[in-house]
Amino acid sequence: MSAQVTAIASLKDHVGQEVTLQGWLYNRRSSKKVVFLELRDGTGIVQAIVGVNDLGPERFAEADRLAQETSLTVTGEVRAHPKQPGVFELGVRAFQVLGPVHGEYPITPKEHGTDFLMDHRHLWLRSRRQVAILKVRAEIIAAIRDYFDGNGFTLVDAPIFTPNACEGTSTLFETDFHGDRAYLTQSGQLYAEAAAMALGKVYCFGPTFRAEKSKTRRHLAEFWMVEPEVAFLDLAGDMALAEDFLSSVVARVLDRRREELKALERDTTKLERVQKPFPRIRYTEALEVLQRAWDARSAEGRLALDPEGRPEKRPAFGDDFGADEETVISSAFDRPVIVHRYPMELKAFYFKRDPEDARVALGMDVLAPEGYGEIIGGGQREDDLATLEAGIAEHRLPKGAFEWYLDLRRYGSVPHAGFGLGIERTVAWLCGLQHVRETIPFPRMLNRLGP
Ligand code: 4AD
Ligand code: MG
């Protein structure tokens with residue numbers, strides 16, 4: 001086979017020419033005289049047509065027996081589809097099997113249960129939907145990097161092994177580090193803060209870990225987070241950065257991944273509304289929305305009951321917002337909404353207190369529309385040495401592990417702020433997926449360590 005090796009995605013440039021494709025058999029249909037081989041190569045899927053008159057009866061019968069996921073090379077002439085514009089097919093002149101299929105490929109075109117698919121994640125990745133999701137994920141990551149690289153930020157990687165907690169001690173994965181206790185990082189933020197005092201505008205981007213016992217559609221034990229951190233930035237500037245950043249990432253995905261979003265049947269008109277400015281509401285305003293919703297349910301006798309039969313409590317200051325509350329809050333908006341100034345007691349030790357209202361922290365969450373919930377969390381950091389020391393004590397954190405972090409307040413402390421965006425929740429939102437387990441190549445969750 002001497003024809004030029006080509007990717008399925010570039011067939012449009014080779015109409016009328018003979019090319020060789022390398023890929024896997026995705027599906028096969030046949031009639032008496034023609035076998036249709038659906039071939040995939042990671043860049044696309046093409047129909048390769050084997051005619052009994054072109055290859056002779058023996059090769060034709062062989063093509064008709066090819067099992068799903070056989071790897072093969074196929075050589076033939078590229079033709080425009082007679083009826084569908086923009087679709088191309090291959091008139092097969094020759095094919096060669098590279099790797100046969102031993103036994104039966106476990107994932108057939110019929111429906112499978114989620115557990116079965118998750119157990120075969122290493123193979124499930126080959127399916128059309130999963131390929132589309134992985135491409136959108138890669139585009140989101142590239143867009144993030146380009147945004148920060150192009151806006152004066154320096155990438156500074158944070159360590160994975162850490163001696164200190166960042167987001168509270170209840171979700172730490174503990175490990176033994178040559179005899180010392182170490183944790184898998186929950187967030188690179190504290191290190192990004194150190195780097196921001198060196199470089200001004202930085203971001204870290206890597207895997208982070210939470211030993212959360214939550215089995216929800218938004219929680220992973222291992223997830224990727226990008227965390228910008230900026231010196232001389234306050235909460236208002238942080239919200240403006242989050243809004244500019246997020247709208248730019250969404251625009252880039254819409255621009256470059258239309259085809260994948262279409263394959264995923266994503267309603268892109270909803271994503272097109274993700275334009276600046278994003279609405280900003282205070283926690284207390286969000287609380288009023290929840291209280292009004294509670295009052296309405298109460299008046300209609302529709303309050304939810306807990307397992308002991310007690311009706312749900314009326315939302316009150318100090319309550320954290322779970323997925324249901326976030327959905328109620330965000331459903332009033334057609335684009336992401338920024339909720340800011342949460343009660344201090346809900347927040348990690350490093351948040352700066354609002355000088356105008358001591359009950360609340362200068363923090364913010366960005367809630368994605370359509371019920372996707374919190375995708376960004378961040379805010380302004382406490383920059384005063386004594387106040388931060390008191391915060392560490394109040395949260396019962398071991399001060400020794402934070403001495404280096406306190407140094408940032410000892411030597412030229414400045415106001416600064418940043419945030420973290422969870423990649424998987426962003427992928428779920430942009431792809432329109434029900435669960436984050438499909439947004440990462442190999443998810444790690446409460447009940448899943450393999451494959
Ligand atoms: O709100 P979080 O916990 O914030 C931080 O970790 C800060 N230190 C970030 C910063 O200011 N530099 O997490 C940030 C985001 C969340 O909004 C969510 O998108 C994602 O990380 N996230 C998770 N994603 C999947 N599974 C989990 N268990 C997650 N926990 C947080
Ligand atoms: Mg958060």
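The values are calculated or read from the model by the stated rules, or taken from the named source; none is laboratory data. Predicted, not measured: the structure shown is a model, and the values here were computed from it. Virtual Cβ from ideal backbone geometry, glycine too; neighbours counted across all protein chains shown. Ligands, DNA and RNA are excluded from the accessible area calculation, which covers all protein heavy atoms including side chains. Shrake-Rupley method; radii C 1.70, N 1.55, O 1.52, S 1.80 Å.
Treat each spin label as a single point 7 Å out from the Cα along the C-beta direction, and report the Asp64 to His14 distance in nm.
Each label point is offset 7 Å from its Cα along the Cβ direction, giving 2.8 nm.
Determine, from the Cβ-Cβ distance of Leu199 and Arg444 and an R0 of 22 Å, the FRET efficiency 1/(1 + (r/R0)^6), rounded to the nearest 0.05.
0.10
If you add up the charges near Asp324, with Lys and Arg at +1 and Asp and Glu at -1, over every other residue whose beta carbon is less than 13 angstrom from its beta carbon, what do you get?
Net charge around Asp324: -3.
Can you order the peptides 322-332, 414-424, 230-240 by their average number of other Cβ atoms within 10 Å per residue, highest first?
Numbers: 322-332: 17.1, 414-424: 22.9, 230-240: 19.1.
Result, highest mean Cβ count within 10 Å first: 414-424, 230-240, 322-332.
With no solvent and one point on each alpha carbon, what is the Debye value of log10 I(q)/I(0) for the chain at q = 0.10, 0.11, 0.12, 0.13 Å⁻¹?
-0.83, -0.95, -1.06, -1.17
How far is the Cα center of the stretch 259-315 from the Cα center of the stretch 339-356, in Å?
Centre-to-centre (Cα) distance: 22 Å.
Using Cα atoms only, what is the angle between the long axis of helix 283-299 and the major principal axis of the chain, expressed in degrees (0 to 90) to the nearest 10?
Approximately 80 degrees, to the nearest ten.
How much area per residue is accessible in the chain when the probe is 1.4 Å and only protein heavy atoms are counted (Å²)?
48
Mind ranking 174-181, 276-283, 258-265 by how tightly packed they are, going by the mean number of other C-beta atoms within 10 angstrom, highest first?
So the order, starting with the most tightly packed, is 276-283, 258-265, 174-181.
Using a Förster radius of 51 Å, what is the FRET efficiency between Asp176 and Arg410 based on their Cβ-Cβ separation? Nearest 0.05, please. Walk me through the numbers on the way to the answer.
On the way: r = 31 Å, r/R0 = 0.61.
After rounding to 0.05, the efficiency reads 0.95.
What is the distance, in nm, between label points placed 7 Å from the Cα along the Cα-to-Cβ direction at Ala304 and at Glu345?
2.2
Note down the Stokes-Einstein diffusion coefficient of the stretch 117-238 in µm²/s, whole number, using a Kirkwood radius over alpha carbon pairs, 4 °C, and 1.567 mPa s. Working shown, then result.
Details: Rh = 16.5 Å.
In µm²/s, the coefficient is 78.
Ratio of alpha-carbon Rg to the 2.2 N^0.38 Å globular estimate for the stretch 285-411, to two decimals, please.
Its radius of gyration relative to the 2.2 N^0.38 Å reference: 1.29.
Leaving out ligands, DNA and RNA, what percent of the accessible area of the chain is carbon and sulfur, probe 1.4 Å? Mind dumping the intermediate values first?
Details: 11040 of 21730 Å².
Reported share for carbon and sulfur atoms: 51 percent.
Report ³J(HN,Hα) in whole Hz for each residue of the stretch 217-230, in order, from the Karplus equation J = 6.51 cos²θ - 1.76 cosθ + 1.60 where θ = phi - 60°; Gly and Pro get x.
Values per residue, Gly and Pro as x: 7, 10, 10, 10, 7, 10, 9, 9, 9, 9, 10, x, 9, 10 Hz.
Dimensions of the stretch 8-99 along principal axes (Cα, Å, largest first)?
On the principal axes, the stretch 8-99 reaches 32, 26, 19 Å in Cα extent.
Given a 1.4 Å probe and heavy atoms of the protein chains only, how would you sort Ser214, Ser187, largest accessible area at the top?
Most to least solvent-accessible, the answer reads Ser214, Ser187.
Please determine, in degrees from 0 to 90 and to the nearest 10, the orientation of helix 128-149 with respect to the longest principal axis defined by the Cα atoms of the chain, where the helix direction is its Cα long axis.
So the inclination is approximately 50 degrees.
Quick one: what Rg and Dmax do you get for the stretch 162-307 from the alpha carbons, in Å?
Cα-based Rg and Dmax for the stretch 162-307 come out at 20.4, 61 Å.
Quick one: length gained pulling Thr284 to Leu125 fully straight, 0.36 nm per residue minus the C-alpha distance? Mind showing how you got there, number by number?
Numbers: separation 159, 0.36 × 159 = 57.24 nm, distance 4.35 nm.
Fully extending the segment from Thr284 to Leu125 adds 52.9 nm.
If ligands, DNA and RNA are left out, what is the accessible area of Lys135 with a 1.4 Å probe, given in Å² to the nearest 10?
60
I need the trypsin sites (Lys or Arg not before Pro) found in the stretch 33-108, filtered to DSSP loop residues with at most 16 other beta carbons within 10 Å of theirs. Can you show the working numbers first?
Values: sites: Lys33, Arg40, Arg59, Arg65, Arg79, Lys83, Arg93; in loops: Lys33, Lys83.
In loop regions of the stretch 33-108 (DSSP not H, G, I, E or B), the sparsely surrounded trypsin sites (Lys or Arg not before Pro) are Lys33, Lys83.
I'm checking a number: the convex hull volume of the Cα atoms of the stretch 363-416, normalised per residue, in Å³. What is it?
Spread over its residues, the Cα hull of the stretch 363-416 gives 98 Å³ apiece.
Using only Cα atoms and rounding to the nearest 10 degrees, what angle (0 to 90) does helix 385-394 make with the longest principal axis of the chain?
Once rounded, the angle reads 80 degrees.
Sort the following peptides by mean Cβ neighbour count (other Cβ atoms within 10 Å, averaged over residues), highest first: 380-388, 425-433.
425-433, 380-388
Return the lysines within reach of Lys313: Cα separation strictly under 26 angstrom, same-chain partners fewer than 8 residues apart disregarded; answer none if there are no such residues.
Result set, ordered by chain and number: Lys213, Lys215, Lys347.
Suppose R0 equals 51 Å; then what is the FRET efficiency for Ala393 and Thr268 from their Cβ-Cβ distance, rounded to the nearest 0.05?
0.55
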